[in-house]
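I have a structure here, written as structure tokens, and I will follow up with some questions on it.
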Amino acid sequence: GAVVSQHPSWVICKSGTSVKIECRSLDFQATTMFWYRQFPKQSLMLMATSNEGSKATYEQGVEKDKFLINHASLTLSTLTVTSAHPEDSSFYICSPSSTNSYEQYFGPGTRLTVT
Amino acid sequence: QKEVEQDPGPLSVPEGAIVSLNCTYSNSAFQYFMWYRQYSRKGPELLMYTYSSGNKEDGRFTAQVDKSSKYISLFIRDSQPSDSATYLCAMSVTQGGSEKLVFGKGTKLTVNP
């Protein structure tokens, strides 16, 4: 499978601060990047989809001004959680895709804890 | 009714048992059907994918799709303690010009030595 990295793997931040999560596809070019969120004992919920060089498309209920996504290159995408609150504490997972959706691989995830 | 239904378990079996994991779905537009394995605090790992009704085998794993019943299964033969993880079914659909995955809640499996 594809090699995907995320950084940081775990972050604790104070309420009101911003956190940036990086996702890199190390061995293929990701034309599309999916960002998911997973709460404890829940499934993955798609937050947004971005194509390289374009603005992200957000799912219903996801605030685009709060979750800033940048997909400036085919190997790097970032998700910035702005003005984080405790309810934003979750496991954030990126998923780069190059062609068909069944070849969608996932990063190792970033655990965000907002205190 | 949710688009994808999956019993969250937990499911506990002895080593060597045959495990059956299932999902049902309601959207006839789903095209591809995947199974992912997720270890605790890790990202999902793609196990298998299929797009047509029938069986697909890969080692100890068999994926089964029945489109007429909107039902998919994953069978694990000779289960091992290392198979202990959460198994997520996922289905893809074209929406708004892009492919999207819809996930089940996941079934937590424990294989006891």
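Once you have the Cα-Cα distance between B:Tyr39 and B:Arg60, take 0.36 nm times their residue separation minus that, and quote the gain in nm to one decimal.
5.7 nm is the gain from fully extending B:Tyr39 to B:Arg60.
Based on the Cβ-Cβ distance of B:Ser20 and A:Val3, what FRET efficiency does E = 1/(1 + (r/R0)^6) give at R0 = 30 Å, to the nearest 0.05?
Approximately 0.40, to the nearest 0.05.
Once you place label points 7 Å from the Cα toward the Cβ at B:Lys2 and B:Ala29, how far apart are they in nm?
Calculated label separation equals 2.0 nm.
Between A and B, buried accessible area summed over both sides at probe 1.4 Å, in Å² to the nearest 100?
Roughly 1600 Å².
I would also like to ask the following. Just the number, please: carbon plus sulfur as a percent of the accessible area of the protein assembly as shown, 1.4 Å probe, no ligands or DNA/RNA counted.
Reported share for carbon and sulfur atoms: 49 percent.
Which aspartates and glutamates have a Cα lying under 12 Å from the Cα of B:Lys67, excluding residues fewer than 8 positions away in the same chain?
Here the aspartates and glutamates satisfying the reach criterion relative to B:Lys67 do not exist.
Hey, what's chain B come to in accessible area per residue, 1.4 Å probe, Å²?
49 Å²
Using a 1.4 angstrom probe, figure out how much accessible area chain A has per residue, in square angstrom, rounded to the nearest whole.
So chain A comes to 48 Å² accessible per residue, rounded to a whole number.
According to the square roots a ≥ b ≥ c of the eigenvalues of the Cα gyration tensor, what is the shape class of the range A:1-82, taking rounded for a/c under 1.5, prolate for a/b larger than b/c otherwise, and oblate for the remainder?
rounded
Measure off 7 Å from each Cα along the Cα-to-Cβ vector at A:Ala72 and B:Tyr51, then give the distance between these two points in nanometres to one decimal.
Placing both labels 7 Å beyond Cα along the Cβ direction yields 3.5 nm.
Only counting protein heavy atoms at a 1.4 Å probe, give the residues of the range A:21-47, ordered by number, whose accessible area falls by 10 Å² or more when the other protein chains are present relative to the chain alone.
A:Phe34, A:Tyr36, A:Gln38, A:Lys41, A:Gln42, A:Ser43, A:Leu44, A:Leu46
A further question follows. How large is ³J(HN,Hα) for each residue in the range A:71-79, as worked out from phi by the Karplus curve 6.51 cos²θ - 1.76 cosθ + 1.60 (θ = phi - 60°), to whole Hz, x for Gly and Pro?
Taking θ as phi minus 60°, the curve returns 10, 7, 9, 6, 10, 9, 9, 10, 10 Hz for the range A:71-79.
Here's another thing I want to ask about it. I need the calculated FRET efficiency for the pair B:Ser73 and A:Thr57, taking r as the beta carbon distance and R₀ as 25 Å, to the nearest 0.05.
0.15
In what order, largest first, do A:Arg24, B:Arg60 sit by accessible area if the probe radius is 1.4 Å?
Ranked from most to least accessible, the order is A:Arg24, B:Arg60.
Follow-up question, since we're still on this one. How high is the relative contact order of chain B? Use alpha-carbon pairs under 8 Å, at least six apart in sequence, and give a whole percent.
37 percent
In addition: May I ask you to evaluate 6.51 cos²θ - 1.76 cosθ + 1.60, the Karplus curve with θ = phi - 60°, for each residue of the range A:50-67 and list the ³J(HN,Hα) values in order in whole Hz, giving x for glycine and proline?
Calculated HN-Hα couplings, in order: 9, 9, 3, x, 10, 6, 6, 9, 9, 6, 4, x, 9, 7, 5, 7, 8, 10 Hz.
OK, next. What are the ³J(HN,Hα) couplings of the range B:79-93, residue after residue, when phi is run through the Karplus curve with 6.51, -1.76, 1.60 and θ = phi - 60°? Round to Hz, x for glycine and proline.
Listing the rounded values in order: 4, 10, x, 5, 7, 4, 5, 9, 10, 10, 8, 8, 9, 9, 8 Hz.
Who wins for biggest fluctuation among B:Gln80, B:Gln31, B:Gln95 in a Gaussian network model of chain B, springs between alpha carbons below 10 Å?
Looking only at B:Gln80, B:Gln31, B:Gln95, the biggest GNM fluctuation is shown by B:Gln95.
The values are calculated or read from the model by the stated rules, or taken from the named source; none is laboratory data. Quantities reported herein were computed from a predicted structural model and do not represent experimental measurements. Note: ideal-geometry Cβ built from the backbone for every residue, glycine included; neighbour counts use all protein chains shown. Areas reflect the complete protein model, heavy atoms only, side chains present, ligands, DNA and RNA absent. Shrake-Rupley method; radii C 1.70, N 1.55, O 1.52, S 1.80 Å.
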